[in-house]
Amino acid sequence: TPVSGREHHDLEGQIGFYVNTLALRTRFSGEGSFKSLLDQVKETTLEGYNHQVYPFDRLVDELDLSRDMSRSPLFDVMVSYHGAGGSGIGEGEQAKGLSGIEVSSYGSESTISKFDLSFTFVEGGSDLYVNIEYDTHLFSAERIDRMLGHLNRLLSSASASIEEPLYQLSYLTEEEQRQLESFNDTVMAYPQERFIPDMFEEQAALYPDAPCVLFEETTLSYREINERANRLAHYLQVEQKATTGMCIGLMVSRTAEMLVNILGILKSGAAYIPVDPFYPADRINYIIENSELSLILTESDYLDRIGSVSPLLTEALDLSGYSPENPGHRHKASDLFYVIYTSGSTGRPKGVMVNHGNTSSLIHWAQSEFDASSFEVMYAATSYCFDLSMYEFF
């Protein structure tokens, strides 16, 4: 915010450029009230005024900032306030005390914004006017119009509820509120107790010999995929005591068997945690330790990457003695489907738990949104360690 720089009353009538810039920072929480924010800003601003003669240019030099000459240092938003009498003479009016002199607007207007946003507030009688100057590379005229409306609405809301938490204050117009409600009206009816393993079994019963998975030169039918997954599910239930709530790691190559393994784990009642074998070793170890995995389906090529967790080698499993029939496990919407770990770009990776209800609603939406008759093949390019794989696989 700019300050006059005329702290001493003897400077008030002098001609000269004393204006300086104050960089002000306010940190606040949405839990606090508007009144507490007002008090906080007041204190910050008054403390800033105590240092208003310290030249802004010198401050920037002293901070030794890494400069981008296309941007203003320290701040991007300027807020100016002109009180009553500061610039209240309108065009064509006579300047008080100066007979024969009229005041009018200067002919040209500024066409270059000095900051991302500049708010100029001007008192005029009982009214307060605001002008916004903005960088057109960052904002459109429509965006600024909306911002003005939101500012007006927010100030009205705040003045009426000065003790309310900030997060409860409304700044949307009634029309925008109705629009927001229509955007979020995404409720769609779908079978609540029919999940991906059930849907796959239905598909296998309807089209047992239809191609299900194409991988390189291999084509597997729905019957073949379903029966292989069933044998794995029965094995996991009998030998590994797989049940609802149990998590089984999965670190395998990207082949048709990967889908067999995913379906087999789900059909057993357990959930799976995908681990990319080509992740860095510390990320693999972190996922295994953080999720407290005790069992992982993997291949002999990746044994040196799994640490102390018990491996189940897919190529060494003899599943011929297990039933190819559907296990008959019945899921609930709240049962865990998988745990996928985030990238960790904002800290340590986090395991996101997704249930059968979530994945089922996604698939029902996709079936209603896209006409399956218009394409015959879905190209699955996404890693099975990423959520989008659900859509591509199923």
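The values are calculated or read from the model by the stated rules, or taken from the named source; none is laboratory data. These numbers come from a predicted model, not from an experiment. Here the Cβ positions follow ideal geometry from the backbone for every residue, glycine too, while neighbour counts run over all protein chains shown. The protein model used for the area step is the full one, side chains on, heavy atoms only, and it has no ligands, DNA or RNA in it. Shrake-Rupley method; radii C 1.70, N 1.55, O 1.52, S 1.80 Å.
Annotations
- (1) 60; (2) 51; (3) 67, with the label sought being that of the calculated percent of Cα pairs over 27 Å apart: (3)
- Beta bridge orientation in the chain: antiparallel %, DSSP, nearest 5: 55
- Put Asp304, Asp145 in order of accessible area, highest first, and with a 1.4 Å probe you get Asp304, Asp145.
- Full extension of the chain between Ser126 and Glu369 gives 82.0 nm of extra length, using 0.36 nm per residue less the Cα-Cα distance.
- Protein accessible area in the chain, 1.4 Å probe - carbon and sulfur %: 51
- Accessible surface computed residue by residue for the chain, with neighbouring protein chains in place and a 1.4 Å probe, gives 64 Å² per residue.
- Rolling a 1.4 Å probe over the protein chains gives Glu31 an accessible area of about 130 Å².
- Based on DSSP H segments of at least four residues, each scored -39500 (n - 2.57), the chain has a per-residue ellipticity at 222 nm of -10000 deg cm²/dmol.
- Degrees, to the nearest 10: 356-369 long Cα axis against longest axis of the chain: 80
- Calculated FRET value between Gln40 and Lys332, using beta carbons and R₀ = 45 Å, to 0.05: 0.40
- For Glu175, the shell of other residues with beta-carbons less than 15 Å away shows a net charge of -2, using +1 for Lys and Arg and -1 for Asp and Glu.
- Near the amide H of Phe337, within less than 5 Å, lie the amide hydrogens of Val354, Asn355, His356, all on another chain or at least 5 residues away, with H placed in the peptide plane.
- Length-normalised contact order of the chain in % [C-alpha pairs under 8 Å, at least 6 apart]: 10
- Against the chain, whose longest principal axis comes from its Cα atoms, helix 256-267 is set at around 90 degrees.
- Label positions at His51 and Asp301, each projected 7 Å from the Cα along the C-beta direction, are separated by 6.0 nm.
- Neighbourhood charge, 12 Å Cβ-Cβ cut-off, centred on Pro311 and excluding it, Lys, Arg +1 and Asp, Glu -1: -3
- Taking the Cα centre of the chain as origin and assigning +1 to Lys and Arg Cβ atoms and -1 to Asp and Glu Cβ atoms, the resulting dipole is close to 740 debye.
- On Cα atoms only, tilt of 141-160 relative to the major axis of the chain in degrees: 80
- Residues whose amide H comes within less than 5 Å of that of Ser80, counting only those at least five positions distant or on another chain, are Phe119, Thr120, Phe121 (H built at 1.01 Å from N in the peptide plane).
- The order of Ser126, Ser161 by accessible area, most exposed first and with a 1.4 Å probe, is Ser126, Ser161.
- Most mobile listed residue (Glu102, Glu193, Glu289) in the chain, GNM with C-alpha springs under 10 Å: Glu102
- Within-13-Å neighbourhood charge of Asn261 [Cβ basis; K, R +1; D, E -1]: +1
- Computed on protein heavy atoms with a 1.4 Å probe, the accessible areas place Arg178, Arg67 in the order Arg178, Arg67, largest first.
- A straight line joining the Cα centroids of segment 274-317 and segment 1-68 runs 57 Å.
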